[in-house]
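The values are calculated or read from the model by the stated rules, or taken from the named source; none is laboratory data. In this text, all values refer to a predicted model and were calculated from it rather than measured experimentally. To get the accessible areas, we keep the full protein, side chains included, count just its heavy atoms, and leave off ligands, DNA and RNA. Shrake-Rupley method; radii C 1.70, N 1.55, O 1.52, S 1.80 Å.
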Amino acid sequence: MSEAKRKNYFKTQNQKQRKRSFLEPGLKGFLATCNFREKDCVRECYNILNQYSEDPDDNTQAPQASQEHKPEEEKANVSEEDEEEDISKALEKDVATEKQKNQRKSYKFSVVDTGVNNCVFISTSLEDPVGLGVKIVRDIAETKLQKSRFLLRLIPIEAVCRANVKEISDAVGALCDKYLLNQPKSFSIIFNKRYNNAISRDDTIKELADIVTSKNPGNRVNLSEPEVSVIVEVIKGLCCVSILPDYLKLKKYNLVELVGASKPDAAKKDQKDDKDSVDLTKDDESFF
């Protein structure tokens, strides 16, 4: 390889590396699991998220030619050149509008690297990822229409923080102020961790349980059908946190199971993911 080609090669690789985004504190979005086909999973995530997040206001009508609002006498005096110019301007506006819509879609969701196989994170600029995620899973549960082949779970994430008890507690406390402060609800705590042996599962769950109950004395553990679940997903040195409604009732937001499709590989993958999972529905006596 010549010196020039070698420099161009490393320059290209460096550019690709700079463009690559990684999971970091402060993000919010959607944690997605798949079964080895990550690129296909990302594509399906984009398709589903864009489909359900489309703003009806974006479907604007094409701009009308200005001659339509002119009196008939003036229309008669308009030359063919003027008509062509107006049509050209209208087409330019259509193209610009469509380009803006595509740009909004491209920046609305963006994949970031989690560093873990079969685990994808789609960051978003939307203010309420939980609202969108719940809308998706409830619609699929109701219609029983299969929306994905490779995407298994789609879990909305409201906060990403460092994987230590203090920062996780702070993040969960802030979400409790939003969801569990005024109206008492039944809850469970779902704890998953991947490639992290530093954080104590039991200590974290006990701390979070104390926080939830301290926010409202009426908050109580439900062993079968909690109204909300505190989701704690530890991925290496980071943690994804959310409080989600009907998490267990809605098949832990597994899009495949929601439609009742028979997917042996998907079920096997979920069992593997849940091996290190602990929630208060298993043995709440050790925490209260």
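Of the solvent-accessible surface of segment 112-222, computed with a 1.4 Å probe and all protein chains present, 45% belongs to carbon and sulfur. For the residue pairs LYS166/LYS236; LYS193/LYS236; LYS108/LYS236; LYS178/LYS236; LYS147/LYS193; LYS206/LYS252, the alpha carbons lie more than 18 Å apart in LYS108/LYS236; LYS178/LYS236; LYS147/LYS193; LYS206/LYS252.
Consider all pairwise Cα distances in segment 103-245 and report the whole-number % of them above 26 Å. The answer is 28 percent, as a whole percent. Accessible area per residue for segment 196-250, computed on protein heavy atoms with a 1.4 Å probe, is 42 Å². Based on the Kirkwood approach, the hydrodynamic radius assigned to segment 162-233 is 12.4 Å, with every pair of different Cα atoms included.
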